[in-house]
Each structure stands twice: as structure tokens, then as C-alpha cells.
Amino acid sequence: MSKNSSNIMALAPAAPNKRETVCIFGTGDFGRALGHKLIQSGYPVVFGSRSSHPSSLVPKDAEVLSHVEAAQKAAIIIIAIQRQHYSFLTSLADVLRGKVLVDISNNLKINQYPESNAEYLAQLVPGARVVKAFNTVSAWALQSGTLDASRQVFVCGDDAEAKKMVMDIVRALGLTPLDKGSLLAAQEIENYPLQLFPMWKFPIFLSLGLTVFFFIYCVVLNVIYPYVYEKKDFSFFIAISIPNQVCPVLALTLLGLVYLPGVLAAIIQLCRGTKYRRFPDWLDKWMLCRKQLGLVALAFACVHVLYTLVIPIRSFVRWRIGNQIISQVLSSNKTQPLDTSKAWISDSYLALGILGFFFFVLLGITSLPSVSNSVNWREFRFVQSKLGYLTLVLCTAHTLVYGGKWFLVPSSYKWYLPPIYMLSLIVPCAVLVVKFVLIFPCLDNPLTQIRQGWERNPRYSQ
């Protein structure tokens with residue numbers, strides 16, 4: 001009998017764990033959205049409000065009480081109000097003593113106050129255990145359920161047990177908590193939502209500046225120059241021809257700028273004889289945004305490919321080909337023999353471009369977090385370094401084969417200005433030449449030793 005009873009008990013479903021009540025101070029958009037999400041996750045929710053009368057906006061399964069009554073019913077209190085309204089909490093200091101206060105507020109600008117909102121809250125209610133969390137999640141994302149782009153929640157606080165309680169709630173909501181340490185990190189966490197693509201500012205502004213410069217440069221050479229000297233209107237080049245010159249130049253230049261800081265860093269380490277000294281700030285920032293520079297370069301390369309695909313259907317190209325055929329018929333009425341040297345150059349140019357673009361796309365794919373997280377550091381470094389330099393070599397060779405023969409032709413220098421593709425070769429050729437010099441054993445061996453910790457002058461390690 002006892003055996004049967006034990007089997008029955010083993011098959012019976014376990015009783016669900018009862019979740020503890022969570023209190024929310026504030027019935028604004030975020031407070032209501034968070035309360036609704038908590039209720040869906042099985043948490044009893046009580047709202048603390050200045051008015052204890054039920055509101056149609058508050059989730060129907062939540063209870064609305066005064067601040068004192070609501071705080072007495074929960075160990076965790078989420079402060080969903082703005083910093084300027086925190087003053088009333090001082091009158092609740094006795095009720096809030098020992099409670100976990102979760103500060104979710106943000107500011108209007110970076111470093112708006114000397115201390116973070118969470119630290120200010122801890123000063124107002126010294127007996128409470130303050131934790132910073134949820135400020136990187138929007139009310140709209142909570143309401144709509146589209147949390148894919150903001151699933152990570154930064155958490156910080158001085159009380160380890162309080163942080164654990166809050167992180168358990170974060171996980172119950174289907175989010176991912178990330179422990180950022182003590183409450184001193186709250187300032188950084190509060191500044192995070194106010195930053196607009198911090199790692200993208202330099203690449204975007206640089207690419208915009210170079211785009212304007214190269215575009216004007218091409219307009220001068222391909223539109224203004226023919227109009228001044230030949231009275232020909234080529235203004236329609238602005239639509240396709242000029243962008244199709246600017247995009248590959250930008251792609252190659254930016255790709256060279258991705259690998260230029262690494263070369264400069266190697267030179268600096270060789271000169272200093274140590275790796276224990278900080279690089280200049282401008283070089284540090286440059287190296288941190290190399291991924292973004294590479295992705296912008298890939299975007300320009302993709303646009304170049306699209307522009308190239310539409311070239312055969314352009315009215316100007318069809319007119320020029322038709323004109324050449326008619327001129328050939330009228331002048332000689334016979335076909336020209338195939339020039340195999342030109343065919344080799346053309347096919348080599350296209351093959352190098354295709355291979356370069358293929359490895360370019362491969363570099364972009366491996367930079368995605370979902371891909372980079374699935375490979376180890378050696379594999380990632382091999383792709384981004386070895387294949388990256390191979391991509392730079394192929395793209396540079398693609399440009400050299402395309403216009404190398406025009407370097408010494410005076411007629412290609414309109415107004416003494418070189419063709420635009422020559423400008424695109426400056427940065428990548430400089431990078432490749434210096435990198436080639438650095439792989440010689442007389443320089444590579446000392447550089448490897450330096451990066452392994454060897455110092456020419458040990459005093460810099462202190």
C-alpha cells in the first residue's frame with residue numbers, strides 16, 4: 001500500500017512556487033507596463049499611489065493602495081517615478097527601512113546631476129537597500145512584447161542579496177540580467193540609454209565627410225571639366241556614374257582605415273619597447289570603432305555592386321555601345337580581332353573584385369554577435385586579421401588592375417588632379433607596405449615578445 005502511495009505521489013504535479021508581492025510606486029506608462037508584465041509572470045502586484053481610487057489604466061488584477069499601505073505589503077518596491085518627485089520618500093523612511101528599492105529612472109541628458117539617481121535615492125532613504133535596474137527597457141517594449149532588441153537589463157547595487165532578488169524578477173520576466181557591480185556603476189547605467197550610437201559617431205561622420213569630398217571631386221572631374229573645355233553636358237552622371245565611383249573608393253579607403261590603427265599601434269609598441277603604456281586617446285577610440293568602420297565600408301561595397309549591376313541597362317551605355325557598332329560598320333565593315341591581353345585584364349579585374357567582395361561579406365558576417373560568440377578567440381582573430389588583410393589585398397589589386405595603366409598618362413590628370421581611384425589607393429597601399437615590413441623577423445620577433453610581456457625598459461610596467 002505504501003509503495004503504491006509513493007508512486008502516486010511521484011506522479012502528482014508539484015505545486016507552483018508562490019511568488020512574493022511586488023510593489024510599484026507610480027502609475028505612469030512604465031509602471032503600468034511593468035506591473036502588467038509582472039502579473040503575467042505570476043507576481044502579485046500592488047501599486048502605491050497618491051490616489052488610492054482604482055483607475056481603468058492600472059492592470060485589473062493589481063491592487064491600488066496608498067504609498068504606506070502598499071510598501072507594507074511587499075519587500076521589493078519599484079520606484080517608477082522621476083527623480084524630482086523623490087522627496088516624499090523621506091517621510092516613508094521608517095516603512096522603507098530594510099526594503100529593496102529598485103530605481104528605474106533615467107535623465108534627460110548625460111551626467112545631468114553630480115550623482116546618479118540611484119545614489120540620490122540611497123541618500124534620501126539610508127535604511128533601504130537600493131538597486132538600479134530596468135532603466136534600459138522601454139514601456140512600449142514591455143507592452144508589445146517586442147523585447148528582442150532590449151532583452152539585457154543592467155543591475156547594480158551594494159547589497160548582494162537585494163541584487164539577487166531583483167535579478168530573479170528580471171529572469172522571471174524573460175529578460176537577461178547583467179550584474180554591473182556596486183551602486184557606483186549606476187551613473188554609467190543611467191547614461192547608457194542616452195547615448196546615440198556611441199561607437200558609430202566617428203565612422204558615420206568620417207564616412208559622411210569623405211562622401212562629400214569624393215562626390216565634389218568627381219563632379220569637378222566628370223561634369224564641370226567636360227562642360228568647361230568641351231561644352232558637353234554630363235550632369236546625368238550625378239545619378240549613377242559618380243555614386244558608382246564614390247562608393248568603391250569609400251569602401252576601400254574605410255577598409256584601409258580599419259587596419260591602419262593596428263599598424264600604428266605596432267609601431268608605437270616597437271618604439272616604446274613595452275605594451276604596458278596606454279596608447280594615445282585618439283588611437284584608443286579609433287581602435288574601438290574598427291568594427292563599425294568595417295561595416296560602413298561593407299555597406300558602400302554592397303551599394304557599389306548594385307550600381308554595377310544596372311550599368312548594362314543605362315541609356316547612356318546602350319547609346320555608346322550602339323554608336324561604336326555603327327561607327328565600326330561605317331568605317332571598316334569588319335570585326336576587330338579579340339585582344340586577349342585586354343580580355344585577361346578585364347577578367348582579372350572582375351575576378352579580384354568578386355573575390356574581394358566575397359571575403360568582405362565574410363568579414364561582416366563574422367562580426368555579428370551571434371556568429372562571433374560561436375567561435376573561439378583564435379578563430380575570430382584568424383578571420384578578422386588574416387582574411388581581413390587578404391580582403392584588403394584583393395580589393396587593392398582590383399583597383400590597381402582597373403586603372404594601373406593610367407598612372408603615367410598625362411591626359412588622365414584633369415586640372416592636374418589624379419583620377420579618384422588613385423586617391424583610394426593611398427591608405428590601403430600605405431597599410432599593406434608597412435604591414436609587409438612588420439612581418440620581417442627582425443621586427444616581428446621583438447613585437448611578439450613585447451606583446452607577450454617582455455619590456456625593453458622595465459620601469460614602464462610600474
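Taking the range 174-217, which residues are open to solvent by 30 Å² or more (accessible area, probe 1.4 Å), assigned to a helix (DSSP H, G or I) and touching a Cys at 6+ places or on another chain (Cβ under 6 Å)?
Of everything in the range 174-217, just one residue is open to solvent by 30 Å² or more (accessible area, probe 1.4 Å), assigned to a helix (DSSP H, G or I) and touching a Cys at 6+ places or on another chain (Cβ under 6 Å), namely PHE202.
Of the conditions (1) more than 18 Å from TYR421 (Cβ to Cβ); (2) in contact (Cβ under 8 Å) with a residue 40 or more places away in the chain, SER372 fails just one. Which one is it?
(2)
Quick one: how many residues across the range 285-336 are small (Gly, Ala, Ser), more than 28 Å from ILE240 (Cβ to Cβ) and part of a helix (DSSP H, G or I)? Before the answer, list the steps.
Going through the range 285-336, the residues small (Gly, Ala, Ser) turn out to be 294, 297, 299, 301, 315, 322, 327, 331-332.
In the following step, the residues that additionally are more than 28 Å from ILE240 (Cβ to Cβ) were identified as 331-332.
Among the residues that remain, those that are also part of a helix (DSSP H, G or I) are: 331.
Adding up the residues that qualify gives 1.
Specify which of the listed residues (SER331, SER348) is among the small types (Gly, Ala, Ser) and at pLDDT below 85. Can you show your working first?
Working: SER348 fails: at pLDDT below 85.
Answer to the selection: SER331.
Residues are listed down the side, and each one gets a yes or a no for (1) modelled with pLDDT under 90; (2) assigned to a helix (DSSP H, G or I):
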position: ASP94; (1), (2): no, yes
position: GLY98; (1), (2): no, no
position: LEU108; (1), (2): yes, no
position: ASN111; (1), (2): yes, no
position: ALA122; (1), (2): no, yes
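Is there any pair with a first residue in the range 20-44 that is farther than 19 Å from VAL95 by Cβ and assigned to a loop (DSSP other than H, G, I, E, B) and a second that is among the acidic types (Asp, Glu) and open to solvent by 10 Å² or more (accessible area, probe 1.4 Å) whose Cβ atoms are under 8 Å apart and which are 6 or more apart or on different chains, and what are they?
TYR43/GLU20
When the residues of the range 434-462 are filtered to those that are surrounded by 13 or more Cβ atoms within 10 Å (Cβ to Cβ) and of a type in the set (Phe, Trp, Tyr), which remaining residue is modelled with the lowest pLDDT?
Here the answer is TYR460.
Which of the residues that make up the range 227-249 are in contact with a helix residue (DSSP H, G or I) (Cβ under 9 Å, 6 or more places away or on another chain), without any contact (Cβ under 8 Å) to a residue 60 or more places away in the chain, in a helix (DSSP H, G or I) and not polar (S, T, N, Q)?
The answer is TYR227, PHE237, ILE238, ILE242.
What residue, among those in the range 44-90 that are open to solvent by 80 Å² or more (accessible area, probe 1.4 Å) and of a type in the set (Asp, Glu), is modelled with the lowest pLDDT?
For the range 44-90, the residue satisfying everything is ASP61.
Rundown of residues vs (1) within 18 Å of the chain's Cα centre (by Cα); (2) open to solvent by 50 Å² or more (accessible area, probe 1.4 Å), yes/no style:
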{"site": "GLY262", "(1), (2)": "no, no"}
{"site": "ILE267", "(1), (2)": "no, yes"}
{"site": "LEU270", "(1), (2)": "no, no"}
{"site": "LYS275", "(1), (2)": "no, yes"}
{"site": "LEU283", "(1), (2)": "no, no"}
{"site": "TRP286", "(1), (2)": "yes, no"}
{"site": "LEU293", "(1), (2)": "yes, no"}
{"site": "ALA301", "(1), (2)": "no, no"}
{"site": "HIS304", "(1), (2)": "no, no"}
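Scan the helices (runs of 4 or more DSSP H) fully inside the range 342-411 and keep the ones with 1 or more residues being open to solvent by 50 Å² or more (accessible area, probe 1.4 Å) and closer than 21 Å to PHE300 by Cβ.
Working: elements: 369-372, 377-381, 388-403.
By residue number, 388-403.
Please list, ordered by first then second residue, the pairs with beta carbon atoms under 7 Å, 6 or more apart or interchain, first in the range 159-187 and at pLDDT 90 or above, second surrounded by fewer than 14 Cβ atoms within 10 Å (Cβ to Cβ) and part of a helix (DSSP H, G or I).
Close Cβ pairs (under 7 Å, with a partner that is surrounded by fewer than 14 Cβ atoms within 10 Å (Cβ to Cβ) and part of a helix (DSSP H, G or I)) amount to PRO177/ARG171.
Between residues in the range 416-440 that are over 16 Å from GLY256 (Cβ atoms) and residues that are surrounded by fewer than 18 Cβ atoms within 10 Å (Cβ to Cβ), which pairs lie under 6 Å by C-beta distance while being six or more apart or on different chains?
Listed by first residue and then by second, the contacts come to PRO419/SER412.
Restricting the range 215-226 to residues that are in contact with a helix residue (DSSP H, G or I) (Cβ under 9 Å, 6 or more places away or on another chain) and touching a residue at least 60 places away in the same chain (Cβ under 8 Å), which is farthest from PHE300 (Cα to Cα)?
That would be LEU221.
Examine the range 241-259 for a residue that is surrounded by fewer than 17 Cβ atoms within 10 Å (Cβ to Cβ) and not assigned by the TED database to the domain that holds TYR120, and state whether such a residue exists.
At the first step, the residues of the range 241-259 found to be surrounded by fewer than 17 Cβ atoms within 10 Å (Cβ to Cβ) are none.
Checked the range 241-259: no residue is surrounded by fewer than 17 Cβ atoms within 10 Å (Cβ to Cβ) and not assigned by the TED database to the domain that holds TYR120.
Identify, please: which residue in the range 91-144 is without any contact (Cβ under 8 Å) to a residue 12 or more places away in the chain and of a type in the set (Ser, Thr, Tyr) and is, among those, least open to solvent (accessible area, probe 1.4 Å)?
SER144
Just one of GLY174, GLY209, GLY157, GLY181 is in contact with a helix residue (DSSP H, G or I) (Cβ under 7 Å, 6 or more places away or on another chain) and among the small types (Gly, Ala, Ser); which is it? Walk me through how you get there before you give the answer.
Details: GLY174 fails: in contact with a helix residue (DSSP H, G or I) (Cβ under 7 Å, 6 or more places away or on another chain); GLY209 fails: in contact with a helix residue (DSSP H, G or I) (Cβ under 7 Å, 6 or more places away or on another chain); GLY181 fails: in contact with a helix residue (DSSP H, G or I) (Cβ under 7 Å, 6 or more places away or on another chain).
Step by step, each of GLY174, GLY209, GLY157, GLY181 is checked, and only GLY157 is in contact with a helix residue (DSSP H, G or I) (Cβ under 7 Å, 6 or more places away or on another chain) and among the small types (Gly, Ala, Ser).
With the condition kept exactly as written, say whether any residue in the range 138-147 is over 15 Å from LYS37 (Cβ atoms) and touching a Leu at 6+ places or on another chain (Cβ under 8 Å). Full working, then the answer.
Keep residues of the range 138-147 that are over 15 Å from LYS37 (Cβ atoms), which gives none.
No - not one qualifying residue is present in the range 138-147.
Please tell me if GLU230 is modelled with pLDDT under 90, farther than 25 Å from LEU387 by Cα and of a type in the set (Asp, Glu).
On the way: modelled with pLDDT under 90: yes; farther than 25 Å from LEU387 by Cα: yes; of a type in the set (Asp, Glu): yes.
Here the answer is yes, as GLU230 does meet what is asked.
Among the residues of the range 204-214, is there at least one that is over 23 Å from the mean Cα position of the chain (by Cα) and of a type in the set (Phe, Trp, Tyr)? I'd like the intermediate steps shown before the answer.
So in the range 204-214, the residues over 23 Å from the mean Cα position of the chain (by Cα) come out as 212-214.
Those left that are additionally of a type in the set (Phe, Trp, Tyr): 213-214.
Scanning the range 204-214 turns up at least one residue that is over 23 Å from the mean Cα position of the chain (by Cα) and of a type in the set (Phe, Trp, Tyr).
The values are calculated or read from the model by the stated rules, or taken from the named source; none is laboratory data. Owing to the predicted nature of the structure, the values given are computational and were not obtained by experimental measurement. Here Cβ is always computed from backbone atoms with ideal geometry, including for glycine, and neighbour counts include all displayed protein chains. Only protein heavy atoms, including side chains, enter the accessible area calculation; ligands, DNA and RNA are left aside. Shrake-Rupley method; radii C 1.70, N 1.55, O 1.52, S 1.80 Å.
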